[in-house]
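The values are calculated or read from the model by the stated rules, or taken from the named source; none is laboratory data. It should be emphasised that the depicted structure is a prediction, and the values quoted were computed from it without experimental measurement. We place every Cβ from the backbone using ideal geometry, glycine too, and count neighbours over all the protein chains shown.
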Amino acid sequence: MDDPNWQPRIVAFFCNWCTYTAADLAGVSRIKYAPNIRVIRLMCSGRVDPQFILAALAQGADGVLIGGCHIGDCHYSEGNLKTLRRFQLLKRMLRDMGIEEQRVRLEWISASEGDKVRSVVDDMVGQLRALGPLGMPKRFEDWDRELNGLEAEVNAAQEPAGGAKPEAVHA
Amino acid sequence: MIYSYFPGCSLKGLGRAYEESLLPVMRHLGVELVELEDWNCCGATAYMSVDERKACVLAARNLAIAEKAGPHDLVTPCSACYLVLNKTKHQLHESEPMRATVQRALGTAGLTYGGNTPVRHPLDVLVHDVGLDVVKEKVVRPLKGLKVAPYYGCQVVRPYATFDDAWNPTTMDRLLTALGAEVVDYPLKTKCCGASLTGTLPEAGLRLTYILLKEAIRRGADVVATICPLCQFNLDAYHDKLAKRWGAVRIPTVYITQLMGLAFGLPAEELGLNRCFVPMKPLPAAPEPARA
Amino acid sequence: MTPVATPRTKTLPAEGGAPLPARATSVQANPSPEPATKVRRTIQYESERVKGFGREVMAVPGCDQLVRCIQCGTCSGTCPLSVYMDHSPRQIMALVRADFKDAVLRSNSIWLCASCYACTVECPREIRITDIMYALKQRAIKERMFPRRFPIPVLAREFTSMVRTKGRITETLLVMRLFMKANLGAVLSSWRQGIGLIRTGRFVLRQERIEHRAELATMLATTDGRSEPAPKHNQEAA
Amino acid sequence: MHDTSNNGDVRIGFYICHCGHNIASMVDCAAVAEYIGRLPGVAVSRDYKYMCSDPGQALIGQDIRDHGLNRVVVASCSPLLHEHTFRNAVEAGGLNPFFFQMVNIREHDSWVHTDRADATEKAKALAHAAVRRVRFHRALQTTKVPIHPDVLVVGGGIAGIHAALTLANGGKKVFLVEREPSIGGHMAKFDKTFPTLDCAACILTPKMSAVRAHKNITLWTYSDVEKVEGYVGNYTVTVRRRPRYINEELCVGCQECIKACIYKEAKFPDEFNVGLSKRKPIYIPFPQAVPQVVVIDPERCLQIKSGKCKRTCIEACADRQAIDFTQKEETVQIKVGNIILATGFKLFDAKRIPQYGYGRYPNVVTSLELERLVTSSGPTGGELVMRNGGTPRSVGFILCVGSRDFRTNRWCSRTCCMHSMKLAQLVREHTGADVTIFYLDIRAPGKGCEEFYDKSLKDGIQFVRGRVAEVTDWALTPEEEGKLVIRAEDTLAGVVRRIPVDMIVLAVGMEPHADVQQVRRLFNMSCGTEGWFLEKHPKLAPVSTFTDGVFIAGCCQGPKDIPDSIAQAGAAAAEAMALIDRGFIEQEPNTAYVTEEDCSGCKSCVPLCPYTAIGFDDAKQKAVINAALCKGCGTCVAACPSGSIRQHLFEDDEIFSEIEGVLTHG
């Protein structure tokens, strides 16, 4: 857990028209930023299913960044408004799960704001460094172990004979 | 209206006429200026050239004392003080290490800097807080026919022009109009007077003074109005040298507060007008002073 | 008549007047009795560059934008004193960027800056030239590179020492001290003005001072301790 | 693990591009290829210098045949640049083009990071994700949508005029919409053009009349685009036509009505002469205006304002009856397949730099004002007179006013150097005055422009390198009395100078129109931070935008001179024409679809779609998606509570595997 070589990992979902293009612009402009981000391209931030975010966190991401067009500028009129609404619900859920608010971030970055890609990514990496690893996979393991333990207890209670399930089941 | 008041060293020395006129004029307008307790020199431009951190500590001590004194805005009439105190606020806002240095230094005297006290110039207070209408009401002896060149100098409008335009400030113009004076179009109103150099490199400093005065005369001004003790001294004190070097440019330079006092009918001798090298001509047809 | 200023032989040119300001980089007719054929070499060798000097200056807070300078000359055109400088503000910017440390720190330009901030508000690249001049002044004082008996650094030094010990400035006393140290003759030349000050009641001989002088001295001393409040260096501040 | 069984035996080819040094200098390409080569399902893994080159593309085809590949991943630049290239290569190799996935390791990796190890690790993670994702890809077909052959051109300056004429000459129907009462734009106000000094009117007016006369062009002046709906090939545009209170069909431009107007004297500032002359409430913008039709200014006309006028204009028009005070605003709807925007620029307001005294000193003028003062059709008939009368004997030009200035506009306006030199020559020609140009850098890269600079030097025009600090009217010396004084450092001579002149010309820069954000939204495009319309690619697609079927030309994309504007206008017209002549648009098959057995009929998706592509089958109680209307945003997919809506190319499986992939490595 306290790996000295730990680096925060961010999974990002960028919309094709604004934020992905902004990240391309950052590249063309040779703007330098932290390498901790992995971008997944979607057509619209509206495509971001809350399950994607949970999956990313569950599989070891320390943070998730969603990038869309500014409100009013969505290529599909109002996909980003839907994202915003969904995002607010998701935030509440994450809070209940004990996941810090800064770990999941929604940013509006237009196609011309290459420098904003830099500032947002660098800022977020800084915040995640301060927070430390999220360690969801480890937590899942713990929860699994706990559940397995519980299951075993329940099973044991149900079969007081204590006879272990025969290996024959395998056959 | 209550304000904390930071006079600065000049107002206790060469610029004492400024304080002598500022205080009664403000009182006349219902503004109370409460002098900071045991204030120290702001550091001016000289300290900034030697040691930036010490300069910041010096200025910050005054800001901290002002904060301790109460939730009043801090008024300072000297342009250099105004600039230095505002600049220090900027520096402390911008630089985390500087803030730490200053807080540590202030801590040794049980002081702390919170950054909540606005630093204001009397012009700002007069035009924006008191209001020109109130000023106009108090005028008993309009300065009719008096042609005034409004001279702002550099450090009040630059680089932190918060209450007026940096290129064409108008607060003093409007104030003078309210007093009934005729404002001369004076394009040099924000040029440097060279005050910081007249003592050390008079050739360069005085030349700037000469240009300012010459143009004021060329524009038909009777008097130059200033808002800074350094400017006033500089424009007023070197006429002999100027005359010898480039020709006479004899025109009085007074503080705007002195003109206000005159317009309000306060007695001239109590406004420090006797301290000018080049005396201002008495106003035509002066009626009896309004004050009993 | 001219009380101070180095070199004393030269009359400073008037704004708009015909003579061009003499510059270190130009071959000039010399009014002194030296032969007219005397010329001056002004080449700058690579060895005169102090590599990293420019970067150090730009690292001072507020000076970072210097890197954007396009040498447009707005600063020099705006500056009321550039006509007296051996290098115009624009040239100072170029020399700093090119690491010519000596040429910069020995130049009278940085001391002629009157802090009127005109260049800073006019600069189209938003370079805070006045702040850069402050940084250069501090550097020159730190490295003791200013011209000897050149009055402005002396004023700065006298000013700071009066503030450090008394808390306040009494201008007339300051000027007296300045004239004593920089140029005795000047005091005499200013006698008429002195009489004027006495006549108008502005000649203050009583030193203004604050009550908590020790407190102020302690405060200022903390800044010498770099990161820790080390009172060891106190005697320097006292 | 997700189920990939329906995709059969997967054989992936992976290719990583060096892009010369662009990628290879920051990413260890061989190491990435080696790493990917060890992943399950990867049959071939190679690194290659330039994947987008012909041999690079051929390599993919060869491997598909030799190694029986059925999936391809290329790690190189942005998919926005070369996805099509590689899809075509895959198709040429005999595979369905959608069995392909691209990894962006240039714009998103090698160009933005500084540590080679970090960048290499990132490339591995991104490539790994693509390799996982591509397993789930399925064969897809693009759909073809017919394209409407008509084109809308917005803006009737030289760029808009040229684009409209090019298309019209090619047999396309064009609607040209202009906000002002006449087309012509800024160029119509110029006297001569650099570097040839040929008369602007002589080259522009024939084109303006050609627009009016062309049977394929519908010209709507005094009109604005109000609404744009639809997408490439099928735009529906609403145009608002403001009333000019003149029946355009009936007016012959005889201007009798103007003479007859109750206002005997022209009283109101004339827009065309930038306020240097006056016009009446009824006026024609300029003699060569197109259309040659008068216009009534509703803000000034007594009849319109108060209803109390003798209506002498109507009397003068007599039985033509072209004047119609009852005219109302009209809106028209048109269908077009492509749109070209040529909305131009606005000049910098010189009052924003108060040091130069514009608005304070009457003899400080802008470059456009001087243009009107030297042109024979201008308010002075081409005689250069100062505001207080008299001919200037000395003129100073100040360049970069509102350009290259971080406090106003940071960009170079590109034309002011040449424009000023042209005006300087005209001033010399007209008056023989001494001319001094204050410049920062002379930028004369266009054809014949450096030669023009040389000619200006030979003509005796003085050049002072230095940005002017201020313009004042206070005099220090006798020769400065009564003059405007320019104070600047002559940076080449190394001296500060004061130069007295009679007249000062401010070469004001170009900036985007004030309403650029509204216009941008209207056409669903992007702007750069400065406010110029953003092209799709600065080099490869300079007149395209991120919205297909919307093109840009001229100064709305950034400052440029007349030749460049015309070149862009031609390019935009050609781009539109290429689409039209192809006859159809191939739509990316990224549409959403409903798996009926999973749909619970909750209808929550129906209101989400901004294109009304989602309907509801009442009989089956299931949602139905009309693929022809779907634009592929995927919002409904993410919102469907039962997971029954899916999206081609962006299937949940594909995205989940990508998430897994980027996190599996490193």
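Structure notes:
- Filter result for D:Q333 (surrounded by fewer than 17 Cβ atoms within 10 Å (Cβ to Cβ) and on the phi > 0 side of the Ramachandran plot): no
- D:I262 vs. criteria among the β-branched types (V, I, T) and either outside any loop (DSSP other than H, G, I, E, B) or within 23 Å of D:T218 (Cα to Cα) (or both): no
- Test set (1) in contact with an Asp or Glu (Cβ under 6 Å, 6 or more places away or on another chain); (2) in a loop (DSSP other than H, G, I, E, B) - D:E371 fails condition number: (2)
- Residue that is surrounded by the fewest Cβ atoms within 10 Å (Cβ to Cβ), among those in the range C:135-158 that are modelled with pLDDT of 80 or more and not charged (D, E, K, R): C:M145
- D:D54 vs. criteria in contact (Cβ under 8 Å) with a residue 40 or more places away in the chain and farther than 18 Å from D:C29 by Cα: no
- Restricting attention to the range D:254-280, the residues that are loosely packed, with under 15 Cβ neighbours inside 10 Å and of a type in the set (K, R) add up to 3.
- Meets criteria (more than 12 Å from chain D (Cβ to nearest Cβ), surrounded by 17 or more Cβ atoms within 10 Å (Cβ to Cβ) and at pLDDT below 90) for A:L106: no
- When D:E450 is tested against the conditions (1) modelled with pLDDT of 95 or more; (2) under 25 Å from D:F286 (Cβ atoms); (3) surrounded by fewer than 17 Cβ atoms within 10 Å (Cβ to Cβ), the lone failure is (2).
- Residue identified as in a loop (DSSP other than H, G, I, E, B), within 11 Å of chain A (Cβ to nearest Cβ) and over 15 Å from A:C44 (Cβ atoms) among D:G661, D:G643: D:G643
- A:I66 over 19 Å from D:N590 (Cα atoms) and either hydrophobic (A, V, I, L, M, F, W, C) or surrounded by 24 or more Cβ atoms within 10 Å (Cβ to Cβ) (or both): yes
- Tally of residues being under 27 Å from D:C555 (Cα atoms), outside any strand (DSSP E or B) and not charged (D, E, K, R) across the range D:392-433: 20
- Matching residues in the range C:47-80 - criterion: being within 12 Å of chain D (Cβ to nearest Cβ), surrounded by fewer than 22 Cβ atoms within 10 Å (Cβ to Cβ) and free of Cβ contacts under 8 Å to residues at least 60 places away in the same chain: C:R68, C:C69, C:I70, C:Q71
- The helices (runs of 4 or more DSSP H) found wholly in the range B:129-208 and carrying at least 3 residues that are within 29 Å of B:K89 (Cα to Cα), modelled with pLDDT of 90 or more and more than 8 Å from chain C (Cβ to nearest Cβ) occupy B:171-178.
- Residues of the range A:93-118 that turn out to be touching a residue at least 60 places away in the same chain (Cβ under 8 Å), part of a helix (DSSP H, G or I) and of a type outside the set (K, R), as a count: 3
- Of the helices (runs of 4 or more DSSP H) lying entirely inside the range C:67-106, those containing at least 2 residues that are out of contact with any Ser or Thr (no Cβ under 8 Å at 6 or more places or on another chain), closer than 18 Å to D:R465 by Cβ and of a type in the set (V, I, T) are C:74-78.
- Filter result for D:G185 (assigned to a loop (DSSP other than H, G, I, E, B) and either within 14 Å of chain A (Cβ to nearest Cβ) or crowded, with 24+ Cβ neighbours inside 10 Å (or both)): yes
- Qualifying position, being at pLDDT 95 or above, in contact with a Gly (Cβ under 7 Å, 6 or more places away or on another chain) and surrounded by fewer than 21 Cβ atoms within 10 Å (Cβ to Cβ), among D:R521, D:R498: D:R498
- Contact annotation: residue pairs with Cβ atoms under 8 Å, 6 or more positions apart or on different chains, pairing a residue in the range D:398-411 that is more than 18 Å from D:V505 (Cα to Cα) and more than 9 Å from chain C (Cβ to nearest Cβ) with a partner that is of a type in the set (A, V, I, L, M, F, W, C) and part of a loop (DSSP other than H, G, I, E, B), are D:N409/D:F348.
- Residues in the range D:220-253 that are in a loop (DSSP other than H, G, I, E, B), buried (at least 17 other Cβ atoms within 10 Å of the Cβ) and β-branched (V, I, T): D:T221, D:V232.
- Verdict on A:G46 being under 16 Å from A:V125 (Cβ atoms), touching a helix residue (DSSP H, G or I) at 6+ places or on another chain (Cβ under 6 Å) and crowded, with 21+ Cβ neighbours inside 10 Å: no
- Residue check, A:A12 touching a residue at least 40 places away in the same chain (Cβ under 8 Å), under 12 Å from the mean Cα position of the chain (by Cα) and within 8 Å of another protein chain (Cβ to nearest Cβ): no
- Test for D:C556: is it surrounded by 15 or more Cβ atoms within 10 Å (Cβ to Cβ), more than 11 Å from chain A (Cβ to nearest Cβ) and among the hydrophobic types (A, V, I, L, M, F, W, C): yes
Condition check ((1) within 15 Å of D:E121 (Cβ to Cβ); (2) aliphatic (A, V, I, L, M); (3) exposed (fewer than 15 other Cβ atoms within 10 Å of the Cβ)) across all residues:
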residue: D:N22; (1), (2), (3): no, no, no
residue: D:C29; (1), (2), (3): yes, no, no
residue: D:V32; (1), (2), (3): yes, yes, no
residue: D:Y35; (1), (2), (3): yes, no, no
residue: D:P40; (1), (2), (3): no, no, yes
residue: D:A43; (1), (2), (3): no, yes, no
residue: D:Y48; (1), (2), (3): no, no, no
residue: D:G56; (1), (2), (3): no, no, no
residue: D:I60; (1), (2), (3): no, yes, no
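- In the set (1) within 30 Å of B:V134 (Cβ to Cβ); (2) within 11 Å of another protein chain (Cβ to nearest Cβ); (3) within 18 Å of the chain's Cα centre (by Cα); (4) in a helix (DSSP H, G or I), B:I65 fails one condition alone, (3).
- Selection status of B:A59, aliphatic (A, V, I, L, M), touching a helix residue (DSSP H, G or I) at 6+ places or on another chain (Cβ under 8 Å) and touching a residue at least 12 places away in the same chain (Cβ under 8 Å): yes
- Of the residues making up the range A:123-157, just one is within 14 Å of another protein chain (Cβ to nearest Cβ) and farther than 17 Å from A:V11 by Cβ, namely A:K138.
- Some residue of the range B:233-242 being part of a loop (DSSP other than H, G, I, E, B), under 21 Å from D:L484 (Cα atoms), at the interface with chain C (Cβ under 9 Å from one of its Cβ atoms) and among the hydroxyl-bearing types (S, T, Y): no
- When D:I296, D:I339, D:I314, D:I282 are checked against the criterion of being among the β-branched types (V, I, T) and at pLDDT below 95, D:I314 stands alone in meeting it.
- For D:L476, the conditions (1) within 14 Å of chain C (Cβ to nearest Cβ); (2) farther than 21 Å from D:P362 by Cα; (3) surrounded by 19 or more Cβ atoms within 10 Å (Cβ to Cβ) all hold with the exception of (2).
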